[in-house]
Structure formats: C-alpha cells, structure tokens
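Structure first, commentary second.
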Amino acid sequence: MEKSVPELVGRQWRQDLAEESAWAFSCGVAALLSNTFKVPMDDILLRHGETGEIVFAYTTPFTRESISQTEEQAATGKDGQSKQAADSLNAEETSEEESTDQKSSTINQTQSSYYFDDVEEVFEEDVIELYRSFHKKFHEATRLSSNEQTPAPLEITLTLTPVDAELHKIFCFPFLSRSAVKEDKSRKKDYMTMLESIRHEGAQSFFKAFWAFADRMLAERGMMQTTVMADVMIECTESFQVKDVSTNEILQGDGIERTVRHCVRMERDSSLVQEDNQEFWVQGNWKIADIDDHLVGRGLWTPI
C-alpha cells in the first residue's frame, strides 16, 4: 500500500498499522478456535466494517454415552452386522475418508465456510505450540478432576470485539531473523555481543562488527533478513466462560462482558536476496508473535 509524504511523516501510518493489527488479532483468535475445535470460520468471525467480532459457543463432544456407543459399534458392527462385515464397511469408509481429506485440504484453503487449516499463516509457531499446550493441559486437568478416563463435556463461550487499537512501540533487528536463529543459535549470541560493543568499545567498533555480521549472514545464507516488530495495544470488549455440562460447574470465567487490553506483538521480516548478480528485497507477511507477553522468559529468539 503506497503512502503519501504527509501520511509517512505524520501519524496516520501508526493508526493504520494498529487497526490492521486489531483485525489480524481477531482473525488469529478465530483461526485458532476454528482449527482446534473444527468449527467453520464463518460461524465464529463476523466482520463489521474494519472490525472483526468473535462469537464462539461450543460444546465439546466428550460424553460417556457417545464413547460407549462408538465402542459398541466397533465390537458388534453397525446395525447388528457381524464384526467381519463391519470391518469391511469401515475399510471402505476409511478409503472414502482419505479421498475426502485430500479434497477438503484444498477446500479449506479456498472456502471460508470450512474450518481454518493454516494457522501458521497468522501465528508464529511458538504461539501455536503455547496455545495448544494450554488446551491440552486444561483437558487433562478436567479429566483428572472428574475421575474419568475421558474429559467431561464442556460448554465454551467466548465473545471478543476490538474497539480501539494503538501502536505502543516498533523496533527493528537488522540482519537477524527468527529463521536465522533457528538454524544456528550462536547467531543470537553473536548479535548480542555486537550490540554490547557500542557501550564498551565505541561506535567505530560497533559499526565494524555490524557490517561484518551482515557479510556473515549473506555468506552463510545467501541472503540477509531484517525483522521488524510492533507492539500494539488492543482494547476489546469480551466475555469468557467454560462450564462442565454434566455438573453445571463453572470451571473458568463468568460470562460477564468486560473491557480488556491485550498487548499483541506483530512480526515481519524482509529479505535481501541475491540472484543473477542482482539484489532485491522480498517482504514477508505480518504474523502474531506473542499475546500479552506469554512467551516472555521462554527462550525468545530475539535479543531483547
């Protein structure tokens, strides 16, 4: 998106980035819910102008009755069939399901009415892993507290609507990226040493190390990547509640709508690529790298 000079030197770009981050935050939360619970995105995310409203109501399918029925069908076959006939039928269904899965993988990417498969397009991998670990631990705790072999059926409700967004800070890491550190963790340590040199050895020593690090990245990777991060404060009206359907016990939240401020860290890299004796920049996409500092202290790839 091209910007005019007044927009670039003024504050409009800050507001544009904040508002787009708020929209990305709504899409990201909806994508995680859609992917985890296999609920169509259209049933979760509602768009009102530039605002994305999330309305999520879901009951997990973990019931003793449904599990018992499944086990009985597996043992005796469907509709009184013999196990041999049931196995034959199941084999046919498996073949059909595999074919359907291959088709649905493409459909999920092209039709928003299906659940969202590619959460990696919205979130960095660390955020996805953290969220899924929270989800797994919660269900494990629920299973243990109910003294059952399977989790209790849960009713989960969440509403979330961003109402305001403000760019809090933006910073840059020249010649360093998440993928570069993932390939070789010593690069982060060397980058930190380079940053410290400006305090202990002065500017001249720093810039010498700075350009040496750039040359190293180009030699080792055939390209240089620079990372930009933006911390955006997003104010939302939201409500949340998790209830045990079998006992009506409220396990989390209370369903009361409140105003909540979230700190969302956006991340984007730009790559300087050399090809056929030419250099050109390739811009990456913005992704959500952290929410409310949950990843702080968990071995972030960034120097700060």
Contour minus Cα-Cα distance for Cys263 and Ala57 (0.36 nm per residue): 71.7 nm
Relative packing of peptides 225-236, 265-276, 247-258 - highest average C-beta neighbours within 10 Å first: 225-236, 265-276, 247-258
Stretch Arg216-Val245 to full length: gain in nm at 0.36 nm per residue minus the Cα-Cα span? 4.6 nm
HN-Hα J in Hz across the stretch 280-294 - Karplus 6.51, -1.76, 1.60, θ = phi - 60°, x for Gly and Pro: 8, 9, 10, 8, x, 8, 5, 9, 7, 9, 6, 10, 6, 6, 5
Around Val228 (Cβ within 10 Å, Cβ-to-Cβ, excluding Val228; K/R +1, D/E -1) the net charge comes to -1
Mind computing the radius of gyration and Dmax over the alpha-carbon atoms of the stretch 144-249? Å is fine for both. 24.0, 69
Calculate, for Thr193 and Asp16, the FRET efficiency according to 1/(1 + (r/R0)^6) with r their C-beta to C-beta distance and R0 35 Å; round to the nearest 0.05. 0.45
Quick query: amide H of Gln241 versus all other amide H atoms, modeled in the peptide plane; which residues come in under 5 Å with a sequence gap of 5 or more or a different chain? Thr157, Gly255
At R0 = 41 Å the Cβ-Cβ FRET efficiency linking Ala203 and Gln283, nearest 0.05, sits at 0.85
Given the peptides 183-191, 285-293, arrange them by the average over their residues of other C-beta atoms within 10 Å, most packed first. 285-293, 183-191
Each label sits 7 Å from Cα toward the beta-carbon; between Lys38 and Asp254 the label points are separated, in nm, by 3.6
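Read the figures in this text as sums done on the coordinates, not as results from a lab. Source: prediction; values computed, not measured. As a convention, Cβ positions derive from the backbone with ideal geometry for all residues, glycine included, and neighbour counts pool all protein chains shown.
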